[in-house]
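Peer 1: First the structure, then my questions, so here it is.
Each reported figure results from applying straightforward, stated rules to the coordinates on display, with no laboratory input. What you are looking at is a predicted structure, and each value in this text was computed from that prediction instead of being measured. Reconstructed Cβ throughout: ideal geometry from the backbone, glycine too, with neighbour counts over all protein chains shown.
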Amino acid sequence: MTDAKTLLASSLEGTELSSFCPHCHEALNLYDPKTRKVWMRLHARAAERNGELLLAPGYDVVDRHVAVRFERQSNLELADEQVVDDLLCPHCGVSLIDREAHCEECASPVGRIVVSVQSKLVDFSVCSKMGCRWLGISQADEAKIKPKVKRQQKPEQDALLRTRNFQEVSYGFVRELAVKEAGRCLDCKKPACVDGCPVGVDIPGFVRLIKDGQFVEAARLIKQKNALPAICGRVCPQDDQCERVCILAKKDQAVAIGNLERFAADFERETDAVTIPRKAPSTGKLIGIVGSGPAGLTLAADMVAKGHSVTVFESLHEAGGVLVYGIPEFRLPKAIVRAEIDYLRRLGVKIEVNSIVGRLYSIEELFETGYDAVFIGTGAGLPVFMRLPGENLCNILSANEYLTRVNLMKAYLFPEYDTPAPKGRQVAVLGGGNVAMDCARTAIRMGAREVTIVYRRTRDEMPARTEEIEHAEQEGVRFRYLTGPIRFIGDDQHWVRQMECVQMQLGEPDESGRRAPIPKARSNFLMDVDMVIVAVGAGPNPVLFSGAPDLKRTKRGYIESYSESGRTSMKNVWAGGDIVTGSATVILAMGAARKAADDMHEYLMNGGGPWV
Amino acid sequence: MHTIIDRRELTKGDMISLTIEAPAIARKIHPGQFVVLRVNETGERTPLTVAYKDDVHGTITIIFQVLGKTTAMLASLKIGEAIKDLVGPLGCDERFTKVGTVVGIGGGSGIAVLHHILQGSKEAGNTLIGIVGAREKALLILEDEMDALCERLLITTDDGSYGMHGLVTDALTQLVEEQVHVDQVIAVGPLVMMRAVCEMTKLYGIPTLVSLNPIMVDGTGMCGGCRVTVGGETRFACVDGPHFDGHQVDFDELMRRNTMYLRDERTSLLTSIKAK
């Protein structure tokens with residue numbers, strides 16, 4: 001009962017009704033104590049007789065739905081469907097008929113007055129035909145009197161409770177919340193959100209479908225552009241993308257696009273409504289994909305839909321790349337990743353796990369065995385250390401190792417699962433990105449008494465998603481800003497015990513655009529720690545390159561790309577995602593893969609052409 | 001899934017040899033490279049250096065000593081059963097060149113790895129002398145194979161039950177005293193053994209190659225758990241190694257790093273025994 005029409009009706013009902021003449025601004029209200037109704041009173045003329053036309057909102061129940069209608073009364077004894085000749089203000093006598101407008105139901109002339117809805121003045125049209133059911137408000141105006149519904153919060157696990165388990169932190173929308181939230185969308189004519197999405201999902205389209213209760217259809221619409229909606233709904237940085245440019249965000253809060261995407265995808269999966277779309281006829285082309293992370297999976301989905309045969313090579317024993325080894329269970333349940341990958345398998349994508357391209361097969365060999373094109377999406381999985389004295393002490397480890405042990409190898413279920421993870425009572429996490437937040441929140445769940453994020457700059461410069469920082473704060477993670485480690489101190493058994501740090505101050509912006517941290521002289525201090533997780537960034541995965549010596553790489557070791565679509569120095573080899581850009585996000589990798597897929601398809605189907 | 005084709009107990013219940021079907025890996029693997037395996041769904045990823053490969057039949061052979069839960073599970077597998085995940089080849093492909101006389105020193109299950117590496121070294125045209133050591137006679141493996149590969153084979157046991165009474169370093173001392181010219185030493189075995197060998201060869205100025213076995217998770221350069229200090233620099237054994245110049249390796253650090261999960265390993269083993 002929150003759509004515009006009902007809201008209008010409920011605003012006009014009762015004693016608070018305010019309707020005005022647009023010319024003399026006199027109120028048109030008339031209270032009838034007998035019926036306890038407030039009527040809108042207009043002067044009407046029909047068949048050269050003058051009289052009154054009274055309107056009052058009312059409700060009908062049709063098919064168990066409440067429909068709004070207007071009761072009409074007149075002392076002109078007019079027949080049903082009879083059209084009055086003129087409508088006038090009872091105070092100033094000016095004709096209210098608007099020549100420009102007409103009834104949107106029966107095309108009769110309309111009289112134009114002004115009503116106040118939620119302290120906003122909107123135009124209201126009165127159809128001149130008796131019995132007309134038109135509510136009197138044009139679709140354009142309907143948007144103006146949108147009920148002010150606040151952005152819906154998705155329910156979350158209690159902060160204290162969730163630090164003791166690995167279950168997903170946020171539960172997602174239930175149907176009612178999703179519909180309510182979807183109703184907030186203004187359905188803009190030029191939706192900025194679509195441009196804000198790296199893969200161009202039809203956001204207003206799927207939000208509208210959710211509003212109308214067509215949840216499965218909403219999921220299918222998303223899947224036309226994004227093969228992994230349940231994942232993106234959870235891990236995309238929406239506050240930097242679609243939701244940042246949402247018109248509502250200017251005055252209020254943006255529509256919760258990410259949560260709605262997640263809702264639609266979860267609904268489709270949980271109700272077993274997932275179907276397989278029709279594939280294009282087979283092209284006979286064979287595509288090899290190196291790496292089964294977000295980029296590889298997106299390209300796989302796109303290419304298989306275009307009719308190509310696709311094989312994905314994954315070096316680990318499970319497909320998903322960073323989605324399975326990096327992002328923790330409590331943020332992205334692995335069952336969801338598996339379900340999304342199963343969907344790709346059902347589309348016809350072949351996935352070969354335990355297959356290291358570069359070792360088991362070189363890229364040349366893939367071409368020799370019949371592949372027509374290769375896509376490299378091996379990501380940024382090489383851990384970066386700080387090269388500080390004492391960094392190889394026991395219980396100092398990379399974020400990658402920690403997260404891989406806990407997520408991929410399920411160390412949180414040790415000893416049911418065989419892989420252990422290091423434990424600490426006083427854990428320091430170095431870095432301020434999403435990975436650092438993931439590590440800190442994982443360490444809390446693994447039983448650490450005190451977890452501190454040590455970051456060189458301040459909260460404002462932290463690259464992590466706002467939601468992740470807030471979640472970490474709620475869960476009791478401490479933050480030590482403007483602090484940088486300079487060495488680690490161990491005990492006689494070579495285990496880390498202390499960390500020497502120096503305080504920082506912010507100077508001029510550096511090449512990253514953020515203010516550069518500068519160490520303060522004589523500000524050194526010691527921090528007691530018995531475990532340190534280094535989460536200061538990642539480099540390109542190295543193992544592929546031994547099998548691809550011809551592949552040109554940048555100074556930092558990433559693959560050199562010669563076109564927007566990720567063509568590399570090797571013919572018929574594309575690359576995309578973190579292996580080209582350096583550490584970024586899931587959705588940017590997917591966007592790059594989409595471009596590569598379109599270009600690859602063009603290139604393969606139109607018989608090549610110049611490579612670069 | 002990779003089926004076990006053959007299983008042998010090289011010493012009673014302790015040192016096991018498994019031949020596993022893995023045609024693609026067998027085609028590509030070189031001496032000294034390793035594989036990472038995971039026995040079952042709940043298993044740990046475990047690196048093991050390959051002892052033999054047979055690219056005609058598409059098999060690889062691993063030889064290991066039963067030490068913890070994973071090796072105990074591996075040891076319990078019968079012919080026809082399978083290992084869930086097997087990935088490789090991993091580690092640098094060490095191409096052997098002709099240097100002259102090479103002394104290969106192996107201890108414990110390291111002898112199996114040494115044997116494979118020496119095969120590569122022999123193919124490059126080197127003359128081989130082998131030194132193999134064990135705690136006692138019953139624990140010595142691959143004696144015949146080593147004997148066939150090397151010009152000369154010296155055997156040591158800690159308790160004197162077979163061969164020389166002493167350590168592999170004593171046999172090396174004997175070679176030095178005999179004034180045998182040695183161009184390179186390749187040592188594979190327990191870290192204490194490799195450290196002792198390196199201390200000695202450093203003194204004599206003999207280049208020494210060691211094969212390291214640090215803790216690792218993925219084996220492809222993604223976790224950094226296997227970092228070792230070599231010549232003051234941090235290197236990843238999985239992608240930069242596992243072979244390094246033994247004179248540059250910080251063995252003390254590596255030995256301590258390898259004890260990081262000792263308690264967890266014991267818990268893991270005890271839980272699995274209790275569950276049975």
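Peer 1: Compute the relative contact order of the stretch B:101-258 as a whole-number percentage, counting only Cα pairs closer than 8 Å that sit 6 or more residues apart in sequence. Intermediate values should be presented prior to the final figure.
Peer 2: Values: 305 pairs, mean separation 30.2, N = 158.
Once normalised by length, the contact order is 19 percent.
Peer 1: Within a Cβ distance under 12 Å of A:Met386, other residues only, what is the Lys/Arg minus Asp/Glu net charge? Can you show the working numbers first?
Peer 2: Details: positive: A:Arg387, A:Arg456, A:Arg487; negative: A:Glu391.
For residues surrounding A:Met386, the net value is +2.
Peer 1: Using the count of nearby Cβ atoms within 10 Å as a rough guide to exposure, how do A:Leu28, B:Leu153 rank from fewest to most?
Peer 2: Working: A:Leu28 24, B:Leu153 19.
The most exposed by this proxy come first: B:Leu153, A:Leu28.
Peer 1: Moving to a separate point now. Expressed as a rounded percentage, what relative contact order does chain A have, with Cα pairs under 8 Å and six or more residues apart? Present the calculation step by step, with values, prior to reporting the outcome.
Peer 2: Values: 1297 pairs, mean separation 62.2, N = 612.
Value for chain A: 10 percent.
Peer 1: A further question follows. Using only DSSP helix segments of four residues or longer, with each worth -39500 (n - 2.57), what per-residue ellipticity at 222 nm results for chain B after dividing by its residue count and rounding to 500?
Peer 2: Working: 9 runs with 84 residues, N = 276.
Rounded to the nearest 500, the figure is -8500 deg cm²/dmol.
Peer 1: Could you give the dipole magnitude of chain B about its Cα centre, charging the beta-carbon of Lys and Arg +1 and that of Asp and Glu -1, in debye to the nearest 20? Working shown, then result.
Peer 2: Details: 27 positive and 35 negative charges, 173 e Å.
I would put it at about 820 debye.
Peer 1: Do the sum for chain A: with -39,500 (n - 2.57) for every DSSP H run of n ≥ 4, divided by all residues, what is the mean residue ellipticity at 222 nm, to the nearest 500 deg cm²/dmol? Don't skip to the answer; put the middle values down first.
Peer 2: Working: 20 runs with 165 residues, N = 612.
-7500 deg cm²/dmol, from helical runs alone.
Peer 1: Bin all alpha-carbon pair distances of the stretch B:2-90 at 5 Å intervals from 0 and give each bin's fraction as a whole percent.
Peer 2: 3, 16, 28, 29, 18, 6, 0
Peer 1: If each of B:Asp158 and A:Val174 carries a label point 7 Å out from its Cα toward its Cβ, how far apart are those two points in nm?
Peer 2: 6.6 nm
Peer 1: If you place +1 on the Cβ of every Lys and Arg and -1 on the Cβ of every Asp and Glu, how big does the dipole about the Cα centre of chain A come out, in debye to the nearest 20? Could you put the intermediate results ahead of the total?
Peer 2: On the way: 78 positive and 80 negative charges, 184 e Å.
That gives chain A a dipole magnitude of about 880 debye.
Peer 1: Using the 2.2 N^0.38 Å rule of thumb for compact globular proteins, work out how the protein assembly as shown stacks up: its C-alpha Rg over that value, please.
Peer 2: Details: Rg = 36.0 Å, N = 888, 2.2 N^0.38 = 29.0 Å.
Relative to the 2.2 N^0.38 Å estimate, the protein assembly as shown comes out at 1.24.
Peer 1: To make sure I understand, if each residue's beta carbon is the centre and we count other beta carbons within 10 Å, what order do A:Thr369, B:Thr70 fall in, fewest to most?
Peer 2: Details: A:Thr369 10, B:Thr70 25.
Fewest to most other Cβ atoms nearby, the residues stand as A:Thr369, B:Thr70.
Peer 1: Here's something else I'd like to know. Going by how many other beta carbons lie within 10 Å of each one, how would you line up A:Asp460, A:Asp85, fewest first?
Peer 2: Values: A:Asp460 9, A:Asp85 14.
In increasing order of surrounding Cβ atoms, one gets A:Asp460, A:Asp85.
Peer 1: Which pairs in the list A:Lys285/A:Lys595; A:Lys189/A:Lys250; A:Lys211/A:Lys251; A:Lys423/B:Lys69; A:Lys350/B:Lys53 are over 25 Å apart, alpha-carbon to alpha-carbon?
Peer 2: Working: A:Lys285/A:Lys595 18 Å; A:Lys189/A:Lys250 17 Å; A:Lys211/A:Lys251 22 Å; A:Lys423/B:Lys69 20 Å; A:Lys350/B:Lys53 28 Å.
In this structure, A:Lys350/B:Lys53 lie more than 25 Å apart at Cα.
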